[in-house]
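The values are calculated or read from the model by the stated rules, or taken from the named source; none is laboratory data. Keep in mind that what you see is a predicted model, and the values were worked out from it rather than measured. All Cβ positions, glycine included, derive from the backbone under ideal geometry; neighbour counts span all protein chains shown. Just the protein is used for accessible areas: all its heavy atoms, side chains included, with ligands, DNA and RNA removed. Shrake-Rupley method; radii C 1.70, N 1.55, O 1.52, S 1.80 Å.
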Amino acid sequence: MRIVPASLLAVLAATVLIANLGCGSRASNTVTTNPPPGADFSLTVSPATLSLMAGTTGQVVAVTANALNGFTASVNVTLSGLPTGVTANPSTLTLTPGTAQNVTLTAASTAAAGMATITLTGTSGGLNHTATAALTVTAAAPAPDFSLTVAPTSLALTAGAAGQAVAVSAKALNGFTGSVNVTLNGLPAGVTANPSTLTLIPGTAQNVTLTAGSTAAAGMATITLTGTSGSLNHMATVALTLTAAAPAPDFSLTVAPTSLALTAGAAGHAVVVNANALNGFTASVNVTLNGLPTGVTANPSTLTLTPGTAQNVTLTASSTAATGTPTVTFTGTSGDLIHSATLQLNVSVATAVGIDVTTYHYDNARDGLNANETTLTPGNVNSTSFGKVGFYGTDGRVDGAPLYLSGMTFNGQPHNVLYVVSEHDSVYAFDADSGVQLWKISVLGTNETTSDDHYCGQITPEIGITSTPVIDRSYGAHGGIFVVGMTKDASGNYHQRLHALDLTTGAELSGGPTEIQATYPGTGAFSSNGLQTFNPGSYAERVGLLLMNGTIYLGWTSHCDQRPYTGWLMAYSEQALKQTSVLNLTPNSGGTGFGEGAGSIWMSGAGLAADTSGNIYFLDANGGFDATLDANGFPVHGDYGNAFMKISTASGKLAVADYFNSSNTVMESDDDQDLGSGGVLLLPDLTDSKGQVHQLAVGAGKDSSIYIVDRNDMGKFHSVSNNIYQQLPGALANGEWGMPAWFNGTVYYGGQNDMLKAFSVVNAQLQPTPASQSSTVFSYPGTTPSVSANGTQNGIVWAVENSSGNGVLHACSAAELGRELYNSNQAANGRDSFADNKFITPVVANGKVYVGTPTGVAVFGLLTH
């Protein structure tokens, strides 16, 4: 191979170059001249930021290529990064350096609002440069419009009342300037709008008044307000509630009971009359009675009632009253308003001679005296002529005293009837003379048992009906007996219920029974959230029930002082069996021991006593007592443990009216030497040596003293000494677990481990030394005596002795207790024996003495030979 010298190559290159230059015009059409070495350009846009509104005219961006270092070539420009809906016109550019060109950016009406960076890229030969523009796209401006509002959006109208305004307003949107015409739709019948249409200027509210005529029907409706301006329309709604026209003030008249039995020549019975206000009625109501049969009187004969405040009318049938079943109409008038209530009356003649024992210890004074006993006398009550004549068996212990009614009619036949309750939750009606069982019912609910004894020997082995019931012979069609029964259900829950039972069938009356529940404001021991709450499992209803002025009163005790418990007194309507009032005696007590709550009412089974003014008296057991008193001498926190209490029932409300606590009451409570083991006897009015009449009450408990209080000024509490009418310290050496009886100016007490004692009353003072006493010492719990007499003659004091499981019935001369007429141990071969049962009191009626035992009732009377 032949190598060409470099010098020759150079000559050849120069020759070719000269030849090309010689070809002049042809060379200029086919060859691009490269820029001089180092020549370049830059690219700029103006403005570098811009905003577009969708659907409006586009905006211009000036694009310029700037020559650098003798750059003379053209520059081709393209755009990238345009968001959807944004276009560029022209879409590309060819720039001469130094000469700006415009590109117009336009956002279509559908372009989405947002931000983007548009990149412009300039290219010239192997050179390229970019510039950016920051683009903001905003949505298209909305069309002018308006909104419609109403205030309020809900409205209540009463038919026949004044109308109410609704404010209607149109609000301009997006430069809206038109007027708005408004119509209403959906107005219910009887409702009108004024004005019925509106023309609104945006921003200026107008009112439309909606009015319901007196005939408009009650109900609910939606009213639609429609605003129109050209092709635009919008709505707003009002939710309308329409109530019927308010009724005129009125009243209703009620009587209770609605049926009443009267016996010619017997005591009258009260009918409760009440005017009930309706629709804001406030006037008084005048009441008249029509339809009273001949011989039946009403006292008062007319009434003027204040609505809500009941008044009593006592209906009494004279001995010559016509028998029958008339309807008595009570008509109440107030202005032009007249309403009536009816009472079905049953007037009958007395069918038998005898006594009714309808409550514990014969009456609400609890005097223990049957002064109508004509059969039993000191002459025939002896072991030869007198003894046990029967035994009426029951299915459980008889802790409540039997009750007795003379001349009841069963299936058209007259019977003297003995009513007996048992701790097995049973109630019996026996023929009081023959012992034939007339009926028996159980107050146990479905799948229930009696309560267990809560590991307390006071009431054992079961707890059912413990307290002495109460009878209202005029209640309902045949009369009623009221009992409280304790039960336990299958889930282990305890229940206390008040029952009203028909005297002739045992059927539940008045929708009974009623479950007993209660709360009372208090912050003391065992309270929660400012309330004391009655827990039925923690209590027993031991005291005899009290019926007074159409209300039944109950008192409650604990099981052997087992906490938690406080002192409860409750009132229930006789007719409705509904609770009407509650009082707690130790609601705020927060001490320790017996000062922690407590204050129960048990009184060894004695009954709550009551006077004819509607006040209740009892002794409560050890419990919290506030030794700090208010200006009226009452405990500042309302705690009355270990007290002799007087409770007012005025206006149907239980409230403390007065009380007595001994000066050492707190110490006695702490030592368990309280008053609560004894009952209260209300003495008849007594006159002292100066002719002043005194109304007194007697009570005693565990501390050996007999306390005699003035029922109008009981003495309250004094820390230094007792400010009391009379006190006999040590009169009952070992304390009292029961209550006394009264006969012929004498109070008979039978303390525990003590003799039965007779305290004479002289010039309204109990004599400190007994006038007489028995030879028998009565072991625990002592004895609660009863007295039988024929007026003021033939007085016999009856007492049961508990003696090592055997009961002994004693009969002593009321004039001389040391003269024992009879005791049931005197007869040979156990003829008169019976098992003992503590806290029982003998009941004497129509020649018989009835004594409760663990298995029934032992019956004593004159023997037939």
**Asked** On average, how much accessible surface per residue is there in the stretch 482-599, in Å², for a 1.4 Å probe, leaving out ligands, DNA and RNA?
**Response** 32
**Request:** Pop out the carbon and sulfur fraction of the accessible area of the stretch 602-694 as a percent, whole number, probe 1.4 Å.
**Result:** 47
**Message:** I need to check one value: relative contact order of the stretch 252-364, counting alpha carbon pairs closer than 8 Å and at least 6 residues apart, in percent.
**Reply:** 33
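Where in the chain lies the longest segment free of trypsin sites (Lys or Arg not before Pro) that are both loop residues by DSSP (not H, G, I, E, B) and have at most 10 other Cβ atoms within 10 Å? Please list the in-between numbers first.
Details: sites that count: Arg2, Lys690.
After excluding every exposed loop site, the longest remaining stretch is 3-689.
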**Prompt:** Considering only Cα-Cα distances, which of the following residue pairs are longer than 22 Å: Lys702/Lys838; Lys388/Lys838; Lys488/Lys702; Lys646/Lys690; Lys646/Lys716?
**Reply:** Lys488/Lys702; Lys646/Lys690
**Whichever aspartates and glutamates have a C-alpha closer than 16 Å to that of Lys171, once near sequence neighbours (fewer than 8 apart) are set aside** = Asp145
**Fill in**
When every protein chain stays in place and a 1.4 Å probe is rolled, Asp670, Asp363, Asp658 sorted by accessible area with the largest first are Asp670, Asp363, Asp658
**Asked** Applying the Karplus parametrisation 6.51 cos²θ - 1.76 cosθ + 1.60 with θ = phi - 60° to the phi angles of the stretch 325-340, what ³J(HN,Hα) value in whole Hz is obtained for each residue in order, glycine and proline being reported as x?
**Response** 10, x, 9, 9, 9, 9, 10, x, 10, 8, x, 9, 8, 9, 9, 9
**Message:** What does the net charge come to around Gln458 if you take all other residues with beta carbon closer than 11 Å to its beta carbon, with K and R at +1 and D and E at -1?
**Reply:** -1
**Asked** Which angle between 0 and 90 degrees, to the nearest 10, do you get for helix 6-21 versus the longest principal axis of the chain when only C-alpha atoms count?
**Response** 90
**Message:** Need one number: nm distance between label points at Asn181 and Ser80, each 7 Å from Cα along Cα→Cβ, rounded to one decimal.
**Reply:** 6.0
**Fill in**
For the chain the mean separation of alpha carbon contacts under 8 Å (6+ apart) over residue count, i.e. relative contact order in percent, is 8
**Message:** If I compute percent of Cα pairs over 49 Å apart from the structure I just sent, which labelled value in (1) 30; (2) 35; (3) 47 lines up?
**Reply:** (3)
**Asked** Residues with amide H under 5 Å of Gly522's amide H, sequence separation 5 or more or different chain, H placed in the peptide plane at 1.01 Å from N; which?
**Response** Leu531, Gln532
**Fill in**
Straight-line reach check, Lys653, cutoff 18 Å on alpha carbons, 8 or more apart in-chain or any other chain, hits among lysines -> Lys578
**Request:** Place the peptides 788-800, 105-117 in order of packing, highest mean first, counting for every residue the other Cβ atoms within 10 Å and averaging per peptide.
**Result:** 788-800, 105-117
**Fill in**
Length gained, Val693-Thr533, 0.36 nm per residue minus C-alpha separation, equals 53.4 nm
**Prompt:** For the chain, with only Lys/Arg (+1) and Asp/Glu (-1) charged at the beta-carbon, what is the dipole magnitude about the Cα centre, in debye rounded to 20?
**Reply:** 3760
**Asked** In terms of modelled amide H atoms, which long-range or inter-chain residues lie less than 5 Å from the amide H of Phe41?
**Response** Leu68
**Item:** For the stretch 232-259 and the stretch 301-376, distance of Cα centres in Å
**Value:** 40
**Asked** So what is the accessible area of the stretch 79-145 per residue, in Å², with the probe set to 1.4 Å?
**Response** 51
**Prompt:** Can you pull the accessible area of Trp742 for me, 1.4 Å probe, Å² to the nearest 10?
**Reply:** 30
**With every protein chain in place, the stretch 320-472: carbon and sulfur % of accessible area (1.4 Å)** = 49
**Item:** Helix-only [θ]222 nm of the chain, DSSP H runs n ≥ 4, -39500 (n - 2.57) each, per residue, nearest 500
**Value:** -1000 deg cm²/dmol
**Request:** For an R0 of 35 angstrom, estimate the FRET efficiency from the Cβ-Cβ distance between Thr302 and Lys578 and round to the nearest 0.05.
**Result:** 0.75
**Prompt:** Ordered by residue, what ³J(HN,Hα) values in Hz, to whole numbers, does the stretch 520-528 give under the Karplus form 6.51 cos²θ - 1.76 cosθ + 1.60, where θ = phi - 60° and Gly and Pro are x?
**Reply:** 8, x, x, 10, x, 3, 6, 7, 8
**Request:** Using only Cα atoms, locate the centre of the stretch 740-808 and the centre of the stretch 608-659, then give the distance between them in Å, rounded to an integer.
**Result:** 28
**Asked** In nm, to one decimal, how far is the modelled label at Lys653 from the one at Asn290, with both set 7 Å along Cα→Cβ?
**Response** 3.8
**Request:** Could you state how much accessible area Tyr494 has, in square angstrom rounded to the nearest 10, with a 1.4 Å probe and all protein chains kept in place?
**Result:** 50
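How high is the relative contact order of the stretch 502-629? Use alpha-carbon pairs under 8 Å, at least six apart in sequence, and give a whole percent.
23
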**Message:** Between Lys440 and Asn734, what's the calculated FRET efficiency when r is the beta-carbon distance and R0 is 45 Å? Round to 0.05.
**Reply:** 0.70
**Fill in**
Reported to the nearest 10 Å², Cys560 has, with a 1.4 Å probe, an accessible area equal to 50
